[in-house]
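What follows is a single structure, written as structure tokens, with notes after it.
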Amino acid sequence: MTDFPRWKYGLVLVVLLFGILYALPNVFRPQAAVQIQGSSSNPITPALQRQVVQVLRKAGTPDLESTRSGDKLLLRFSNTDTQLKAYTALRDGLGDRYVVALNLASTVPGWLRAIGANAMPLGLDLQGGVHFLLQVDAKSVLDQQMQRYLDDVRDSLRAKHIDYDSLNRRGGTISVVLKTAAARDAARTLIARNDSALQLANGASGNGRYVLDATLGAAELTKIENSIITQNLTTMRNRVNALGVSEPVIQQQGATRIVVELPGVQDTAQAKRILGATATLEFHPVDQSADIEQILKTGIVSPEDRLYRMRDGRPLVLKKKVIASGDEMVNASSGFDPQSGQPTVNVELDSAAAARMFDFTTRNVGKNMAIVYIERIPEVKQVDGKEVHTSKTKEQVISDATVQGVFSKNFQITGLTQTEAQNLALLLKSGSLAAPMNIVEERVIGPSLGQLNIEKGLLSVLLGLGLVLVAAAIYYKLFGLVADIALVFNLVLLVAVLSLFQATLTMPGIAGIVLTLGMAIDANVLICERVREELRNGSTPLASIRAGYEKAWATILDANVTHLLAAFGLMTFGSGSIRGFAITLAVGILTSMFTSVTVTHAITALIHGGRKLKTLSV
């Protein structure tokens with residue numbers, strides 16, 4: 001045919017080549033592996049690699065290949081049973097110094113990875129693991145926040161010697177009963193200046209009682225609730241790192257729920273212990289007069305002091321006195337000093353902690369203050385056949401800074417790099433859960449079940465594709481075979497696009513692929529029927545082909561736009577597996593519009609172009 005321009009042939013060729021290249025990595029199955037991650041204080045060294053070899057030999061699980069990349073060491077194994085056995089041996093043999101994680105190692109050739117072609121990551125239902133749905137109890141934090149406002153109002157009134165009869169809280173409202181109207185006006189001015197988040201209104205008055213009510217506005221309530229979810233998400237991410245999980249999924253679902261998916265984890269008890277652990281922070285004075293070398297030799301520490309360790313292992317002697325703790329912290333954020341341009345961490349304390357901080361800094365300018373990160377992890381041990389609940393406490397000094405001047409409620413921590421400042425702000429703000437969380441849903445998927453899901457998913461795709469190919473070839477003959485070729489390329493192109501954007505493949509995603517294949521043939525049915533109608537009306541074969549593609553396009557576009565609107569609706573209002581299904585469906589609709597119209601038109605033009613035809617095989 002002469003009405004199909006050459007540049008479209010080039011476009012089809014480029015797109016199909018792209019599809020083949022970026023879908024090809026999915027042919028290479030990932031390999032069971034264990035990843036060991038080091039840190040600045042515990043790097044990956046040749047000595048560690050030798051220790052790993054000894055641990056694996058002792059456990060009877062030699063690795064097939066080990067690859068070192070920066071602070072990571074990747075060990076490959078022949079099957080998942082050997083992988084799990086090696087993981088347990090390495091976790092026990094290396095202790096807490098390194099993070100040991102289950103992983104799936106890519107077997108994609110280097111030349112494909114060099115152009116950014118990688119296989120799609122597998123979801124929890126395809127590789128096994130643990131799924132938790134956690135409900136955040138925001139009400140308890142709002143109550144705690146209102147109690148802090150109550151304490152702040154009481155301290156402010158006492159500091160300014162404003163007499164009041166009573167001060168109490170009912171839900172989200174703080175009521176102050178004062179003796180005179182002048183005292184109420186003075187209290188209103190004071191509270192408005194100190195706590196701008198509170199909305200003030202005069203309550204019922206009479207008989208010498210002048211009531212002032214303070215409530216949190218809707219915008220402030222929303223801000224607190226959002227902060228709670230954000231802080232809990234960050235805390236969950238920090239805690240999941242302790243589990244040694246590769247590529248976990250931690251995301252918000254709805255307004256007050258958090259989804260945690262841990263691929264490869266089968267021990268739900270261990271996961272619950274880590275996710276439910278409590279953590280806090282404490283500010284301590286540094287005892288700079290202590291002789292650290294003598295303490296390390298003798299092990300004798302002053303009754304008022306205690307020996308701690310920095311993140312890099314350096315010893316530090318702190319006084320036991322606690323200046324402020326993490327539960328007294330209102331906010332923490334990283335930034336830059338406007339004068340020096342150095343990275344800083346901006347900290348805000350509540351009124352009680354601010355008063356103690358003011359007293360300490362007034363007397364200790366030029367001296368050091370340290371921040372201790374304390375984490376208590378609950379443990380369940382079996383003793384004489386009975387469960388004994390204990391806890392393991394981990395304490396680490398995350399900052400040792402010099403007090404530059406007097407401060408109280410708001411102050412800065414300096415002397416850190418930008419990365420360290422950001423990490424410290426996260427630790428300060430998210431070292432502990434902002435609100436309690438309850439596990440409302442729990443699922444465990446074994447690796448064998450994940451493998452079975454992969455096999456069944458692949459079978460469903462091949463079966464659906466095969467049935468459509470056979471039906472189209474039988475009913476539409478040559479045009480049906482052309483549609484079959486386009487349908488196969490549609491599958492290749494769909495997989496390529498999902499792989500390029502590293503969309504996680506799940507069972508609902510596979511369902512979206514099967515549905516897309518069934519829907520993709522609709523466009524070719526419309527084209528073939530229009531061609532047959534033109535032939536019945538007496539048009540020539542070439543004119544029938546031209547008219548068939550032109551007249552069917554409007555109907556094809558209308559049908560696919562309707563499907564796209566449904567897919568976008570699912571993406572907007574759905575979450576989790578529903579959203580994954582919708583994304584696969586939307587991408588499949590877009591690729592099918594290209595292959596069903598442009599690719600088939602190109603093949604048809606190549607077959608029939610320049611020939612004198614009496615009829616068409618349609």
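The values are calculated or read from the model by the stated rules, or taken from the named source; none is laboratory data. Just so it is clear, the structure is predicted and the values come from calculations on it, not from any experiment. Reconstructed Cβ throughout: ideal geometry from the backbone, glycine too, with neighbour counts over all protein chains shown.
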Need at least 3 residues that are within 26 Å of the chain's Cα centre (by Cα) per element, so show me which strands (runs of 3 or more DSSP E) inside the stretch 26-138 make the cut, counting only ones lying wholly within it.
-> 31-37, 72-76, 99-105, 129-136
Please work out which one of (1) surrounded by fewer than 20 Cβ atoms within 10 Å (Cβ to Cβ); (2) closer than 19 Å to ASN194 by Cβ; (3) of a type outside the set (Val, Ile, Thr); (4) more than 34 Å from the chain's Cα centre (by Cα) is the condition MET357 fails and give its number.
-> (1)
Can you tell which of ALA503, ALA473 is assigned by TED's automatic domain parsing to the domain that holds VAL599 and more than 21 Å from ASP125 (Cα to Cα)?
-> ALA473
Quick check, is VAL12 of a type in the set (Val, Ile, Thr) and either touching a His at 6+ places or on another chain (Cβ under 8 Å) or assigned by TED's automatic domain parsing to the domain that holds LEU493 (or both)?
-> yes
May I ask you to say which residue of ARG536, ARG530 is in contact with a helix residue (DSSP H, G or I) (Cβ under 8 Å, 6 or more places away or on another chain) and either among the basic types (Lys, Arg) or surrounded by fewer than 15 Cβ atoms within 10 Å (Cβ to Cβ) (or both)?
-> ARG530
Can you find even one residue in the stretch 516-539 that is outside any helix (DSSP H, G or I) and modelled with pLDDT of 80 or more?
-> yes
Quick one: LEU505 ticks every box in (1) under 31 Å from the mean Cα position of the chain (by Cα); (2) buried (at least 19 other Cβ atoms within 10 Å of the Cβ); (3) modelled with pLDDT of 85 or more except a single one, so which number is it?
-> (3)
Looking at (1) modelled with pLDDT of 80 or more; (2) out of contact with any strand residue (DSSP E or B) (no Cβ under 7 Å at 6 or more places or on another chain), which is the only condition ARG148 fails?
-> (1)
ALA47: within 19 Å of GLY313 (Cβ to Cβ), surrounded by fewer than 18 Cβ atoms within 10 Å (Cβ to Cβ), modelled with pLDDT of 80 or more and not aromatic (Phe, Trp, Tyr), yes or no?
-> yes
Any idea which of (1) in contact with an Asp or Glu (Cβ under 8 Å, 6 or more places away or on another chain); (2) buried (at least 20 other Cβ atoms within 10 Å of the Cβ) is the one LEU469 doesn't satisfy?
-> (2)
Scan the stretch 50-67 residue by residue and report those that are surrounded by 13 or more Cβ atoms within 10 Å (Cβ to Cβ) and under 20 Å from ASP81 (Cα atoms).
-> VAL52, VAL53, VAL55, LEU56, ALA59, THR61, PRO62, ASP63, LEU64, SER66
Which numbered condition ARG184 fails, given (1) surrounded by 14 or more Cβ atoms within 10 Å (Cβ to Cβ); (2) of a type in the set (D, E, K, R); (3) at pLDDT below 80 = (3)
Answer with yes or no whether GLY574 is closer than 16 Å to MET593 by Cα and at pLDDT below 80.
-> no
Tell me, which strands (runs of 3 or more DSSP E) wholly within the stretch 189-291 include 1 or more residues that are closer than 30 Å to LEU124 by Cα and at pLDDT below 85?
-> 249-253, 257-263, 278-285
Since ARG536 meets every condition but one in (1) of a type outside the set (Val, Ile, Thr); (2) in contact with a Leu (Cβ under 9 Å, 6 or more places away or on another chain); (3) farther than 20 Å from ALA486 by Cα, which condition does it not meet?
-> (2)
Kindly indicate which of LEU221, LEU233, LEU200 is touching a residue at least 12 places away in the same chain (Cβ under 8 Å) and farther than 30 Å from GLU261 by Cα.
-> LEU200
